[in-house]
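Asker: A single structure is presented below for examination.
Computed from the coordinates by the stated procedures, all read-outs in this text should not be read as laboratory data. Since this is a predicted model, take the numbers as computed values, not measurements. Neighbour counts are summed over all protein chains in view; Cβ atoms, including those assigned to glycine, are modelled from backbone coordinates with ideal geometry.
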Amino acid sequence: MKLLPKPHASQRRLIEILRVINASDKPIGARAISDELSNRGYDVGERAVRYNLKIMDELGFTKKEGYSGRTLTSLGRRELSDALVDDRIGFVNTRIEEYMYRSSFDPDSGGKTDGKMVVVNESLLNKRDYELALETMIRVFDAGFTVSRRVLIQDEEEEMGTVSIPRGFLGISTVCSITVDGMLLSRGIPVNTNFAGFVEVKDGDLSEFTDLIAYAGSSLDPMRVFISRKTSRVSEAATTGSGSILANLREIPVAAVDEVRDLLDRAKGAGIEGLMKMSGPGEPNMGCPVGAGKMGLALCGGVNAVVAAEELGAEIRTMPISSLQDYGRMRELR
């Protein structure tokens, strides 16, 4: 049973106190908590903090460490996580919309891709697994289970987006399917990226969704959730034509379908060439529901190539929808 209500007004202040305590690497006292709350825009005096700490001690969320101050209990950490989940819901969709708006991929750039920003997934790969990963990724690209063959490979201690690549690792940026959404949006076509999930592959083609998570209702990136499950069979799908890969689905207006088809055809000439599935008006796309007056467009996940390498034992950590990258810096991997 939840002990603190959803974060509103005074409850939000209580949650902020929990956050301050959680962020401290040692027991923290009421005066220090009050000062930090002030820095965060909360006008809560030391006396009020002491009163709230007494309440949280009684609830079992905090405990006194002698005269040093308070720390969180395991119950307090769980309550903090539960209470903040409402704040995180919608965060993934917000990030997707931001990257869609900021990307600038243009299928009609006449081969001039420098300065055209695409959305990328970022992966850190242990250097010892480079040859295994390279061979596996090329096989997945050949099967069409990604968005593009273009990648950017960076060496240790270079900056990859906001990440500094650690020693002994390589940074690999792969094109994310949100790049396609940004391309459509830039042409005035509304796009709703609704679901991500596993798609069964039969005879080398996309067959049906077998598991789905809605972006709008998730507090975590669905792609990251599916990657963490380690139940994909991307490498098997690329090798034998049967398996399970990651994909996502977006809705577009029926009225725009001809323009969308034309744009996607032109995008292939610029390297956006992965397998796609488009449904009929209002019809499910490979079993995934589609709204009335909409068409469902399913695209393979840009992370599939690196996920396949991880399946075969490569030490690799992937962060979907991580940053923007200059498409001109990326090279086809063949």
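Asker: Distance between Cα centroids, the range 37-73 to the range 87-164: provide it in whole Å.
Answerer: Rounded to whole Å, the Cα centres lie 43 Å apart.
Asker: Let me ask another. By how many degrees, 0 to 90 and rounded to 10, does the Cα axis of helix 74-83 deviate from the longest principal axis of the chain?
Answerer: So the inclination is approximately 60 degrees.
Asker: On a 0 to 90° scale, report how tilted helix 9-23 is relative to the longest principal axis of the chain, with both axes built from alpha carbons and the result rounded to the nearest 10.
Answerer: 80 degrees
Asker: Tell me the relative contact order for the range 95-332 as a rounded percent, counting alpha carbon contacts under 8 Å between residues six or more apart. Please report the intermediate quantities before stating the final value.
Answerer: Values: 551 pairs, mean separation 77.5, N = 238.
Normalised by residue count, the contact order of the range 95-332 is 33 percent.
Asker: Quick check for you: which residues of the range 114-147 have the amide N under 18 Å from the point 7 Å beyond the Cα of residue 157 toward its beta carbon?
Answerer: 125-128, by backbone N distance to the label point.
Asker: Okay, helix-only estimate at 222 nm for the chain: each DSSP H run of n ≥ 4 adds -39500 (n - 2.57), divide by all residues, round to 500 deg cm²/dmol; what do you get?
Answerer: About -11000 deg cm²/dmol.
Asker: A further question on this structure: What does a probe at residue 126 reach in the range 304-318, counting residues whose amide N is under 18 Å from the point 7 Å along Cα→Cβ?
Answerer: Under cut-off, by backbone N: 306-318.
Asker: Let me spell out the model: positive unit charges on the Cβ of Lys and Arg, negative unit charges on the Cβ of Asp and Glu, origin at the Cα centre of the chain. What dipole size does that give, in debye rounded to 20?
Answerer: Values: 43 positive and 48 negative charges, 241 e Å.
Once rounded to the nearest 20, the dipole reads 1160 debye.
Asker: What percentages, rounded to whole numbers, describe P(r) for the range 95-332 computed over all alpha carbon pairs with 5 Å bin width beginning at zero?
Answerer: Percent of pairs per bin, in order: 1, 7, 15, 19, 21, 18, 12, 5, 2, 0, 0.
Asker: Mind ordering 196-202, 246-252, 12-18 by average Cβ neighbours within 10 Å, highest first?
Answerer: Values: 196-202: 22.6, 246-252: 25.6, 12-18: 20.9.
Those peptides, ordered most packed to least, come out 246-252, 196-202, 12-18.
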